[in-house]
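Peer 1: Just dropping this structure here.
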Amino acid sequence: MNTFKRICIAVAIVAYLPFNAAAWGKTGHRVVGQIADYYLTAKARKAVKEILGNETMAIASNWPDFIKSDTSFKYLDSWHYVNIPGGLNQQQVFQFLDNDKAGNVYNKIPELIATLKNKQSTAEQKLLAMRLLIHFVGDIHQPMHTARKEDLGGNKLYVTWFGQKTNLHHVWDESLIEYQQLSYTEYAAAVNHPTKDQFNQWSNDSLKQSVYESYQACNKIYDMTKADDKLSYRYNFDFVDMLNESLLKGGIRLAKIINSIYI
């Protein structure tokens, strides 16, 4: 095989394999940001505007994925997810999170909140923290971002989606969401209908509880999706409600976090 062919193959492989750190894709993250914006208090909305300027929360939500093209931000890659072993109950998951000191999404969200609360933080620090916070709260509500280290959060579990080879992580990042054929504003409007009880419960859940719920969803996905499965209409039917609820929870909880910063 000549050098040119080797390069072509390498490029094709890189283009095909999704990054472990990419969650929800552009549409999903924007849905979470759009829903969160709806529930901001007047004080929080003003503070977000001062930090982001004319950049909406929906648009800011994708900045941490776009910036991957800049190698100086390579250190952020592991902050998008938390690897949790399978087969754990709630207490074990909580203990795992307490003991895991790695730079992961669960550990970094409180640091971002602290930066935004700190009156000594610069405008540049606050801008980075707000963009990352919006994105990372979305990340923890993508179930495959609380998944297994051994398969890179489903990146190495290969399936087909309507006949096209892909992997489980990508199905949950983008395929399921894009299958709904809605813009992010249409999607947010379609799912943003929590009951009063749901809103009160979700907006008062701890970060740890949010991660655990995502982990529970992840376990269900693993139980119902195996290597080489042919996914299509039935898979969407089985999981679209979980998908929509995860996006809605993400938006409500993101708003709650931001509102609590600017009380």
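Rule-based calculations on the coordinates, nothing more; no lab input. Computed from a prediction, not measured in an experiment: that's the story for all the values here. Note: ideal-geometry Cβ built from the backbone for every residue, glycine included; neighbour counts use all protein chains shown.
Peer 1: I need the full set of residues from region 152-178 which are over 18 Å from the mean Cα position of the chain (by Cα) and at negative phi, in order please.
Peer 2: Scanning region 152-178 gives 156, 157, 158, 159, 160, 161, 164, 165, 166.
Peer 1: Provide a single number: the residues in region 134-149 that are surrounded by fewer than 24 Cβ atoms within 10 Å (Cβ to Cβ) and closer than 17 Å to residue 223 by Cβ. Can you show your working first?
Peer 2: Taking region 134-149 and keeping what is surrounded by fewer than 24 Cβ atoms within 10 Å (Cβ to Cβ), we get 148-149.
Keeping just the survivors that are closer than 17 Å to residue 223 by Cβ gives 148.
Qualifying residue count for the region: 1.
Peer 1: Can you confirm whether region 223-244 contains a residue that is farther than 17 Å from residue 40 by Cα, free of Cβ contacts under 8 Å to residues at least 12 places away in the same chain, loosely packed, with under 14 Cβ neighbours inside 10 Å and under 20 Å from the mean Cα position of the chain (by Cα)?
Peer 2: Yes; the residues of region 223-244 include at least one that is farther than 17 Å from residue 40 by Cα, free of Cβ contacts under 8 Å to residues at least 12 places away in the same chain, loosely packed, with under 14 Cβ neighbours inside 10 Å and under 20 Å from the mean Cα position of the chain (by Cα).
Peer 1: Follow-up. Are any of the residues in region 63-80 more than 16 Å from the chain's Cα centre (by Cα), free of Cβ contacts under 8 Å to residues at least 24 places away in the same chain and not in a helix (DSSP H, G or I)?
Peer 2: yes
Peer 1: Determine the pairs where a residue that is in contact (Cβ under 8 Å) with a residue 40 or more places away in the chain, located within region 88-105, has a partner that is surrounded by 13 or more Cβ atoms within 10 Å (Cβ to Cβ) and among the charged types (D, E, K, R) with Cβ atoms under 9 Å apart, the partner being 6 or more residues away or on another chain.
Peer 2: Short answer, once both residue conditions are applied: 93/208; 94/208; 97/208; 105/139.
Peer 1: If we scan region 150-159, do we find a residue that is in a helix (DSSP H, G or I), surrounded by fewer than 24 Cβ atoms within 10 Å (Cβ to Cβ), in contact with a strand residue (DSSP E or B) (Cβ under 7 Å, 6 or more places away or on another chain) and not aromatic (Phe, Trp, Tyr)? Quick ask: steps written out before the conclusion?
Peer 2: Here is the first cut: in region 150-159, the residues in a helix (DSSP H, G or I) are none.
The answer is no; no qualifying residue exists.
Peer 1: Would you be able to tell me the number of residues in region 160-186 that are outside any helix (DSSP H, G or I) and either surrounded by 14 or more Cβ atoms within 10 Å (Cβ to Cβ) or of a type outside the set (Phe, Trp, Tyr) (or both)?
Peer 2: Looking only at region 160-186, we keep the residues that are outside any helix (DSSP H, G or I), and these are 160-167, 180-183.
Retained after the next criterion (residues that are either surrounded by 14 or more Cβ atoms within 10 Å (Cβ to Cβ) or of a type outside the set (Phe, Trp, Tyr) (or both)): 160-161, 163-167, 180-183.
Looking only at that region, the number is 11.
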